[in-house]
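To start, the structure under review is shown below, and the notes come after it.
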Amino acid sequence: TVSDRQRWLLSIEYPLLDHVTLYTIEPDARIGERQSGDRTAFDTRDTVLRYLNFSVWIPAGETREFYLRAASQSSMQVP
């Protein structure tokens, strides 16, 4: 249930990245994939913030593994 999980917000404080993909490795080895970036519609962001962001739900007492891929046609920073 949602009450058994904690919500975290992964925020990338450089809003000019064209494409950002967050990969989530689940305990059963499934791989989740979500997209963001300045070439993605703003209203598809998990939280309406200036920066690119992903909501991440992690069950209490568990850990998760995440990978982030960023691509841009201009210079980029991934702070």
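Where a number appears in this text, it was derived from the coordinates with a stated rule and is not lab data. Every value quoted in this text rests on a predicted model; they were computed, and no experiment measured them. Note that each Cβ is placed from the backbone with ideal geometry, even for glycine, and that neighbours are counted across all protein chains shown.
Give me the residue from region 20-54 that is in contact (Cβ under 8 Å) with a residue 12 or more places away in the chain and acidic (Asp, Glu) and, out of that set, farthest from residue 7 (Cα to Cα). Spell out the reasoning first.
Of region 20-54, the ones in contact (Cβ under 8 Å) with a residue 12 or more places away in the chain are 20-27, 33-40, 46-47, 49-54.
Retained after the next criterion (residues that are acidic (Asp, Glu)): 26, 33, 38, 46.
On the way: 26: 16, 33: 17, 38: 24, 46: 12 Å.
Here the answer is 38.
Return the total of residues in region 1-52 being farther than 21 Å from residue 64 by Cα, touching a Lys or Arg at 6+ places or on another chain (Cβ under 7 Å) and hydroxyl-bearing (Ser, Thr, Tyr).
Count: 0.
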